[in-house]
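So the structure is just underneath, and the comments pick up after that.
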Amino acid sequence: MDEQALLGLNPNADSDFRQRALAYFEQLKISPDAWQVCAEALAQKTYSDDHVKFFCFQVLEHQVKYKYSELSTAQQQLIRETLLSWLQAQNPQPEKTFIRNKAAQVFALLFVTEYLTKWPKFFFDILSVVDLNPRGVDLYLRILMAIDSELVDRDVVHTSEEARRNTLIKDTMREQCIPNLVESWYQILHNYQYTNSEVLCQCLEVVGAYVSWIDLSLIANDRFINMLLGHMSVEVLREEACDCLFEIVNKGMDPVDKMKLVESLCQVLQTAGFFSIDQEEDLDFVARFSKLVNGMGQSLIVSWTKLIKNGAVKNAQEALEAIETKVPLMLQLLVHEDDDISSNIIGFCYDYLHILKQLPVLSDQQKANVEAIMLAVMKKLTYDEEYNFENEGEDEAMFVEYRKQLKLLLDRLAQVSPELVLASVRRVFSATLQNWQTTRFMEVEVAVRLLYMLAEALPVSHGAHFSGDVSKASALQDMMRTLVTSGVSSYQHTSVTLEFFETVVRYEKFFTVEPQHIPCVLMAFLDHRGLWHSSAKVRSRTAYLFSRFVKSLNKQMNPYIEEILNRIQDLLALSPPENGYQSLLSSDDQLFIYETAGALIVNSEYPAENKQALMKDLLTPLMERFKVLLEKLMMAQDEERQASLADSLNHAVGFASRTSKAFSNKQTVKQCGCSQVYLDCLQTFLPALSCPLQKDVLRSGVRTFLHRMIICLEEEVLPFIPSASEHMLKDCEAKDLQEFIPLINQITAKFKMQVSPFLQQMFMPLLHAIFEVLLRPAEDNDQSAALEKQMLRRSYFAFLQTVTGSGMSEVIANQGAENVERVLVTVIQGAVDYPDPIAQKTCFIILSKLVELWGGKDGPVGFADFVYKHIVPACFLAPLKQTFDLADAQTVLALSECAVTLKTIHLKRGPECVQYLQQEYLPSLQVAPEIIQEFCQALQQPDAKVFKNYLKVFFQRAKP
């Protein structure tokens, strides 16, 4: 071997050596006999360096995985012998763990390749070599785990061929060797129970893994279970023993047998004192035990469900009683102060409630259980002292996830007993809010949170919580009244403040019932409790919630509009990109404030001239600031300064755009007298397109504004489009064009013939810009460039589809014969040459439309020839390509459009098309005469669906 290159395998080697080692690895992988050098080095222990040994195993792994079938029988035999002799030599000094794991992977790969054919005695050979000594057993167990992961690991994606092979291997193993393997596990567990806990833990892991697919009676029997229960009392083994029992309990089996198994296990565990979890200090073990109890509980519930379904009433009753006896333990675990332990039992708890929901009437004990679960949920929802609100890390994220699980439990509780849930929340809420000033933040937060959660736990349509069921409506109304009048919005903790605002927005319908509370809630939004809060997180969330609150109550907002607009004035300022000025809100948050201002003005009851004046007051400062910043940008030298100015300009355009969200169409803009102010904005913003600096950012902003204005101003925008388009097509990148084309598509689809002259004029300049970008050379392995080109190609075809679909084919026809042909050829290429089913589908839609428009007897000169020379062949060449995958949903849609194209050609050309297919084209593809006949008959069927289905079958048969 190249000793110099091997030096680069050391993690501390410098990058040149590492590069050389990588190159050497690639070279050895493709070399036909390098694996033999590695095999020899391993068998003869040529190298003592661990990284070199690992490297040798990697080369062998590559050989077995990808090139094994190329080896002769003798060479395959050599690999087997090498691995066995390496295994035999493990006794005196064990290898590092990472080498043992890699060796186990290679053994497992060899096993799945050879077990069914050349090496049926695989396990017997391994066992005879390892001889059940500790080092050998360690490797034997690692090999078993590697084999299990090759055969049944859900995370590994297998081809259907591999899946079939794996099923066959498991069936063969069950017949031939599983009882012997199980016996070897028993011997290992027995022989090492006092001497080697590491080996025992590994063995328990193997049993847990294999239990899911072997005959359970081999494991679920007295000698095995008693040994496992013995291990439950040994500190170093009990977590693995617990997991092993969990896998046994989880195994699918007859419901009555499962019930007996679980009950006998529970009896032994209870007698051994495992149910007294309050005496247990090892929380890791209790978490595993909680998972085991969860598994037992859920298994019993599955048994109950099956028995009820089968009508076995007596057995089902026994199963229900068995479940009920586990509930006290479940409650103990659910309310445990450790959230992991509690989280592990939630599945059982959730499924238990599902049973109660199905029972016609609940016993007193069951009602008490429901109440106990409710109390546990309320207690466990509470934040603890350690939660870091300012800097949320992994622990905090886990608690947020845990809270989501508890929310599902609360929802399920509400399905079982809505009255209990409402009464419990009301009790906790009222008691807490009476004394909120002297109560800890986490208790206040959870009280308000519970009220918030009721909205989903007790669902109603369209948020109508305050009508319908009188007792529920009045309870919620009382709680909401308490929330907004208690002063709790002033509580000095961000979690309480946020929960307050979330809740008033969730129950906005309350304010239509009791509108007298709107002013005090608006004040909370508009002072230090909300938008002026000291925490940026609260300010940011409040900006969004305020916008929702105002928009949902737009009818009730009229008396407060001027007051609100005055108060938010400072928040509307476009933050100057200089002298480190920190504004209260980020630009994203300001978007919501602008949207709120726009909505207030538009939805107000003011006359049009007032609305116009208010909208002008809102937008004029933006326009003035925009002009100043654009001038500064033109003169800015420093790139960082340019970027910061361009961002501010972009924000200004975005803010103006956002104010228009309150308008649904031109009519509403006209009624408010606001057309002129938006036209002024357009005139102010468009000059940014000719700025040579920071083009991407500026173009993107102005483009978005144009999209909005096409909806709000309709044809009043049209005079601005030609010059805007001209600027946007200068010095384009793929992304610019990709974003520009949807704008043109929107204009084309909306205005159709009105914009025909403009489209005809800009059609070829746009296409030249697109082709210029598509033809630019790129590196072969430049993934992002390839993706950008693919997306641009899709956009280009979408543009042609819009033009042809809007009945404006003359835009293409008037480009001169040479250009028309060039465009048509690109569509044929799109349909056939590029393996992109989304683009192919669009191309066939374009071709169908053009055939429909031009394919008749009075179509453009030469188009009929083009149909037979290019379009018909495209309908066959595309689906015949290897890359055209008929198992892929998008590809099937492309094929469907291909069928429509052929049907349209037949419709427009009649018998002539059938004759061409019969006598010229299909014979040229060597299609058999009877298939040609069948094809032409299917094409002539009046029902298009029949032909679509036939075409799929036709190509499935035609492809090898």
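Give the residue, chosen from PHE758, PHE763, that is in contact with a Pro (Cβ under 7 Å, 6 or more places away or on another chain), assigned to a helix (DSSP H, G or I), over 25 Å from TYR544 (Cβ atoms) and not small (Gly, Ala, Ser).
Of PHE758, PHE763, the one residue that is in contact with a Pro (Cβ under 7 Å, 6 or more places away or on another chain), assigned to a helix (DSSP H, G or I), over 25 Å from TYR544 (Cβ atoms) and not small (Gly, Ala, Ser) is PHE758.
Considering each residue of the range 356-401, count those that are among the small types (Gly, Ala, Ser) and closer than 18 Å to SER343 by Cα, and give that number.
3
Residue under question is GLN437, and the condition is that it be surrounded by 15 or more Cβ atoms within 10 Å (Cβ to Cβ) and in a helix (DSSP H, G or I); does it hold? Walk me through how you get there before you give the answer.
Working: surrounded by 15 or more Cβ atoms within 10 Å (Cβ to Cβ): no; in a helix (DSSP H, G or I): yes.
Against the criterion (surrounded by 15 or more Cβ atoms within 10 Å (Cβ to Cβ) and in a helix (DSSP H, G or I)), GLN437 does not qualify.
Among what's in the range 164-219 and is of a type in the set (Phe, Trp, Tyr) and assigned to a helix (DSSP H, G or I), pick the residue that is farthest from GLY136 (Cα to Cα).
Kept after step one, since they are of a type in the set (Phe, Trp, Tyr), are these residues of the range 164-219: 185-186, 192, 194, 210, 213.
With the extra rule that they be assigned to a helix (DSSP H, G or I), the set shrinks to 185-186, 210, 213.
Numbers: TRP185: 13, TYR186: 16, TYR210: 20, TRP213: 25 Å.
Residue satisfying both the conditions and the ranking: TRP213.
Filter the range 766-778 down to the residues that are outside any helix (DSSP H, G or I) and more than 20 Å from GLU821 (Cβ to Cβ) and list them by number.
Passing the criteria: ARG776, PRO777, ALA778.
Which helices (runs of 4 or more DSSP H) sit wholly inside the range 481-576 and have at least 2 residues that are open to solvent by 50 Å² or more (accessible area, probe 1.4 Å) and within 24 Å of LEU454 (Cβ to Cβ)?
Answer list for the range 481-576: 510-513, 536-552.
What residue, of LEU362, LEU356, is at pLDDT 95 or above, over 23 Å from ASP284 (Cα atoms), assigned by the TED database to the domain that holds ILE277 and more than 32 Å from the chain's Cα centre (by Cα)? Step through it out loud before you land on a result.
Numbers: LEU362 fails: at pLDDT 95 or above.
So the residue among LEU362, LEU356 that is at pLDDT 95 or above, over 23 Å from ASP284 (Cα atoms), assigned by the TED database to the domain that holds ILE277 and more than 32 Å from the chain's Cα centre (by Cα) is LEU356.
Would you confirm whether any residue within the range 153-162 is in contact with a Pro (Cβ under 6 Å, 6 or more places away or on another chain), open to solvent by 70 Å² or more (accessible area, probe 1.4 Å) and not hydrophobic (A, V, I, L, M, F, W, C)?
No, there is no match, as no residue in the range 153-162 is in contact with a Pro (Cβ under 6 Å, 6 or more places away or on another chain), open to solvent by 70 Å² or more (accessible area, probe 1.4 Å) and not hydrophobic (A, V, I, L, M, F, W, C).
With VAL428, VAL400 as the choices, which residue is surrounded by 15 or more Cβ atoms within 10 Å (Cβ to Cβ) and within 26 Å of VAL496 (Cα to Cα)?
VAL428
If only one of SER723, SER756, SER700 is hydroxyl-bearing (Ser, Thr, Tyr), farther than 30 Å from ALA813 by Cα and surrounded by fewer than 20 Cβ atoms within 10 Å (Cβ to Cβ), which one is it?
Unique residue meeting the criteria: SER700.
Quick check on my filter: what residues within the range 391-405 are closer than 21 Å to THR494 by Cβ and either assigned to a helix (DSSP H, G or I) or in contact (Cβ under 8 Å) with a residue 12 or more places away in the chain (or both)?
Answer for the range 391-405, where residues must be closer than 21 Å to THR494 by Cβ and either assigned to a helix (DSSP H, G or I) or in contact (Cβ under 8 Å) with a residue 12 or more places away in the chain (or both): GLU394, ASP395, GLU396, ALA397, MET398, PHE399, VAL400, GLU401, TYR402, ARG403, LYS404.
Hey, does the range 224-247 have a residue that's small (Gly, Ala, Ser), in contact with a Lys or Arg (Cβ under 9 Å, 6 or more places away or on another chain) and not in a helix (DSSP H, G or I)?
No - not one qualifying residue is present in the range 224-247.
So, LEU792, is that one out of contact with any strand residue (DSSP E or B) (no Cβ under 7 Å at 6 or more places or on another chain), of a type in the set (A, V, I, L, M) and closer than 26 Å to VAL867 by Cβ or not? Give the steps one after another, and end with the answer.
Numbers: out of contact with any strand residue (DSSP E or B) (no Cβ under 7 Å at 6 or more places or on another chain): yes; of a type in the set (A, V, I, L, M): yes; closer than 26 Å to VAL867 by Cβ: no.
When the stated conditions are applied, LEU792 does not pass them.
Can you give me the number of residues within the range 183-233 that are β-branched (Val, Ile, Thr), open to solvent by less than 10 Å² (accessible area, probe 1.4 Å) and under 43 Å from the mean Cα position of the chain (by Cα)?
In the first step, residues of the range 183-233 are kept if they are β-branched (Val, Ile, Thr); the result is 188, 195, 199, 206-207, 211, 214, 219, 225.
Restricting the remaining residues to those that are open to solvent by less than 10 Å² (accessible area, probe 1.4 Å) gives 188, 199, 206-207, 211, 214, 219.
Checking the rest, the ones that are also under 43 Å from the mean Cα position of the chain (by Cα) come to 199, 206-207, 211, 214, 219.
Counting residues in the range 183-233 that are β-branched (Val, Ile, Thr), open to solvent by less than 10 Å² (accessible area, probe 1.4 Å) and under 43 Å from the mean Cα position of the chain (by Cα) gives 6.
Filter the range 93-111 down to residues that are among the aromatic types (Phe, Trp, Tyr) and open to solvent by 20 Å² or more (accessible area, probe 1.4 Å), then give me how many there are.
The initial filter retains those residues of the range 93-111 that are among the aromatic types (Phe, Trp, Tyr), namely 98, 107, 111.
Add one more test, that the residue is open to solvent by 20 Å² or more (accessible area, probe 1.4 Å), and what stays is 98.
The number of residues fulfilling the criteria is 1.
Specify the residue that is most open to solvent (accessible area, probe 1.4 Å); the eligible residues are those in the range 68-92 that are among the polar types (S, T, N, Q) and in a helix (DSSP H, G or I).
GLN88
Among VAL182, VAL207, VAL234, which is the only one that is touching a Ser or Thr at 6+ places or on another chain (Cβ under 8 Å) and not small (Gly, Ala, Ser)?
Only one candidate qualifies: VAL234.
For the range 461-472, state whether one or more residues are among the hydrophobic types (A, V, I, L, M, F, W, C), modelled with pLDDT of 95 or more and not assigned by the TED database to the domain that holds LEU381. Break it down stepwise before answering.
If we filter the range 461-472 for residues that are among the hydrophobic types (A, V, I, L, M, F, W, C), which is where we start, we get 464, 466, 470.
Narrowing the set further to residues that are modelled with pLDDT of 95 or more leaves none.
The answer is no; no qualifying residue exists.
If I ask for residues that are β-branched (Val, Ile, Thr), more than 38 Å from the chain's Cα centre (by Cα) and open to solvent by 20 Å² or more (accessible area, probe 1.4 Å), which ones from the range 112-148 would you list?
Result: THR117, VAL129.
Please give the number of the condition HIS465 fails out of (1) open to solvent by less than 30 Å² (accessible area, probe 1.4 Å); (2) assigned to a helix (DSSP H, G or I).
Condition not satisfied by HIS465: (2).
With more than 25 Å from GLN193 (Cα to Cα) and either in contact with a Gly (Cβ under 6 Å, 6 or more places away or on another chain) or not in a helix (DSSP H, G or I) (or both) as the only criterion, which of GLY252, GLY295 stands out? If you could, list the steps in order and put the result at the bottom.
Working: GLY295 fails: either in contact with a Gly (Cβ under 6 Å, 6 or more places away or on another chain) or not in a helix (DSSP H, G or I) (or both).
Result of the check over GLY252, GLY295: GLY252.
Give me the residue from the range 779-815 that is closer than 25 Å to ALA749 by Cβ and not in a helix (DSSP H, G or I) and, out of that set, least open to solvent (accessible area, probe 1.4 Å).
Step by step, filter the range 779-815, then rank; the result is MET808.
The values are calculated or read from the model by the stated rules, or taken from the named source; none is laboratory data. On a predicted model such as this, the values are computed, not experimentally measured, just so you know. Note that we place each Cβ from the backbone using ideal geometry, even for glycine, and neighbour counts take in every protein chain shown. To get the accessible areas, we keep the full protein, side chains included, count just its heavy atoms, and leave off ligands, DNA and RNA. Shrake-Rupley method; radii C 1.70, N 1.55, O 1.52, S 1.80 Å.
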